[in-house]
Amino acid sequence: MALRKLVRHASSISNLYFPSTPLSLSFSNRFSSSSTSSSSTSPFVANNSDSETPISSISIDRSSLYNPPGHSHQPHSDSELSKHLKGIIKFRGGPISVGEYMSQVLTNPKSGYYINRDVFGAQGDFITSPEVSQMFGEMVGVWVMCLWEQMGQPQRLNLVELGPGRGTLMADLLRGVSKFKNVVESLNIHLVECSPALQKIQHQKLKCVDEENAAQDTDKRTLSFLVGSQIPVSWHATMEQVPSGLPTIIIGHEFFDALPVHQFQKVSRGWCEKMVDVAEDSSFRFVLSPQPTPATLYLLKRCKWAAPEEIAELNQIEVCPQAMELTETIANRISSDGGGALIIDYGFNEVISDSLQAIRKHKFVDLLDDPGSADLSAYVDFPSIRHSAEEASGEVSVHGPITQSQFLGSLGINYRIEALLQNCTEEQAESLRTGYWRLVGDGEAPFWEGPDECVPIGMGTRYKVHVTLEGPIDGWRFQLVDVSISSYSISGWRFRL
Ligand SMILES: C[S@@+](CC[C@H](N)C(=O)[O-])C[C@H]1O[C@@H](n2cnc3c(N)ncnc32)[C@H](O)[C@@H]1O
């Protein structure tokens, strides 16, 4: 098996015991579809016309509009969310930014994409690394344990996950660390999740038992029997709501890509923000703002962090104000309480030009088609995370980005799969190998023998890992980028991978 060749230098020792569970297989991740790329759905890619429009009472430049190709759906009547968006545009007397559109589409409290359903896996729209293989959450667990150890084994620790989806990463992480009583007993788990439907799924996945007398629908839920001790778990709508005062480890996997981006296009009069309007035939369309918008401040900030030559080459720029602000919050929290943050997402180590995309049922679709029925996401701008963290706190140190493949490799995924392969059925072994390859491989799987449209696509280099850390606790520093773990010790036990 070709995949086996990837799993080299196998160690017979894997003292961390992680029970094997059935693994999910081979659905497209958010960048694996063989259908159209994001740029081909962008209205401005092929249309760079640049004429001036005088500012009139309706302050919209319609000159460089592009008619998107026919929608991928049969004509349909407007959904609740479409009506809502059209209402905002109508009553506000003009278009809304792409950022506001994205925010409404994903998280509108009544009918946003994430709010009422499970969107993951074969029946959903896309698949993520924790859903691909249990090894992903387990490796993040190893990272958490290493950090906890290097922090001087704090007795209380806030473990925060941003946007936990189905709760799979956290469940695999907790199962992995469950042998380490000191780690487990230190944990206060905080899940930052906007979706009531996903909160419910996370609650079930983690086998939470609600505390007696807890309010029915809110915060106080207790995870009781997972590791035979009481680990408090609570849900929050935002990172700011997570209580401060304890060392804190924050994990965000595919969270930043869901934060709303604002898009700008360069025309002769300068940078104009791309907006969403309603056309005469009542469909949504893109227009350009003729004058600076509030998000322009973030564009200026982002350009300041880039080399002038990098900006000069671009005709479009995407910025994510919420990512910048969230990073500041994280950096400040880590600065004051101690801890670390792990951000894993697809993205680039450069200014992002135009990456916003819509995915429905594992295929790219038009961004404006039936809003709320497809996932919207954008590549993460890693340098802006670095700069936001460093500006927020001079003491924060930022490492990376490195590739997911480097990250998982340095934490010992090769040894982990070897250990799992020693005790499984042939079917599970096939699943493990495919999952492993999807986590660390690059491009189309060379070993695939099934139908072309199902070929597994590697996430190993597209996904990047950024670590933001600060060291007020006993002067510890965790140098992820330099680390090449072949052995480590936790709670006095020495492990060789
Ligand atoms: C792409 S999913 C990733 C899920 C999970 N981390 C995984 O990798 O499988 C994004 C997650 O973030 C949540 N989310 C998106 N935007 C959010 C926001 N503004 N506030 C809180 N949660 C949000 C979604 O409901 C979902 O759980």
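The values are calculated or read from the model by the stated rules, or taken from the named source; none is laboratory data. Just so it is clear, the model here is predicted, and its values are computed rather than measured. Here Cβ is always computed from backbone atoms with ideal geometry, including for glycine, and neighbour counts include all displayed protein chains.
Values computed for the structure shown
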{"read-out": "Residue tally, condition in a helix (DSSP H, G or I) and under 19 Å from Glu161 (Cβ atoms), over the range 333-354", "value": "3"}
{"read-out": "Selected residue (criterion: surrounded by the fewest Cβ atoms within 10 Å (Cβ to Cβ)) from residues of the range 445-483 that are at pLDDT 80 or above and not in a loop (DSSP other than H, G, I, E, B)", "value": "Asp452"}
{"read-out": "Matching residues, the range 235-280, being within 15 Å of the ligand (Cβ to nearest atom) and surrounded by fewer than 17 Cβ atoms within 10 Å (Cβ to Cβ)", "value": "Ala237, Thr238, Glu240, Gln241"}
{"read-out": "Unique residue being in contact with a strand residue (DSSP E or B) (Cβ under 6 Å, 6 or more places away or on another chain), in contact (Cβ under 8 Å) with a residue 24 or more places away in the chain, buried (at least 23 other Cβ atoms within 10 Å of the Cβ) and among the acidic types (Asp, Glu) when the list is Asp345, Asp442, Asp375", "value": "Asp345"}
{"read-out": "Residue that is nearest to Leu326 (Cα to Cα) [pool: residues in the range 381-436 that are small (Gly, Ala, Ser) and outside any helix (DSSP H, G or I)]", "value": "Ser393"}
{"read-out": "One residue from Lys179, Lys86 being at pLDDT 95 or above and either out of contact with any strand residue (DSSP E or B) (no Cβ under 7 Å at 6 or more places or on another chain) or not hydroxyl-bearing (Ser, Thr, Tyr) (or both)", "value": "Lys86"}
{"read-out": "Helices (runs of 4 or more DSSP H) wholly inside the range 71-152 containing at least 2 residues that are within 11 Å of the ligand (Cβ to nearest atom)", "value": "98-107, 129-132, 134-150"}
{"read-out": "The range 169-185 residues that are at negative phi, paired with ones that are among the aromatic types (Phe, Trp, Tyr) and within 16 Å of the ligand (Cβ to nearest atom) (beta carbon under 8 Å, 6 or more apart)", "value": "Leu169/Phe136; Asp172/Phe136"}
{"read-out": "Condition met for Asn315 (at pLDDT below 95 and away from the ligand (no atom under 16 Å from the Cβ))", "value": "no"}
{"read-out": "Identity of the residue in the range 153-168, away from the ligand (no atom under 15 Å from the Cβ) and either touching a residue at least 40 places away in the same chain (Cβ under 8 Å) or under 24 Å from Leu421 (Cβ atoms) (or both), that ends up surrounded by the most Cβ atoms within 10 Å (Cβ to Cβ)", "value": "Leu157"}
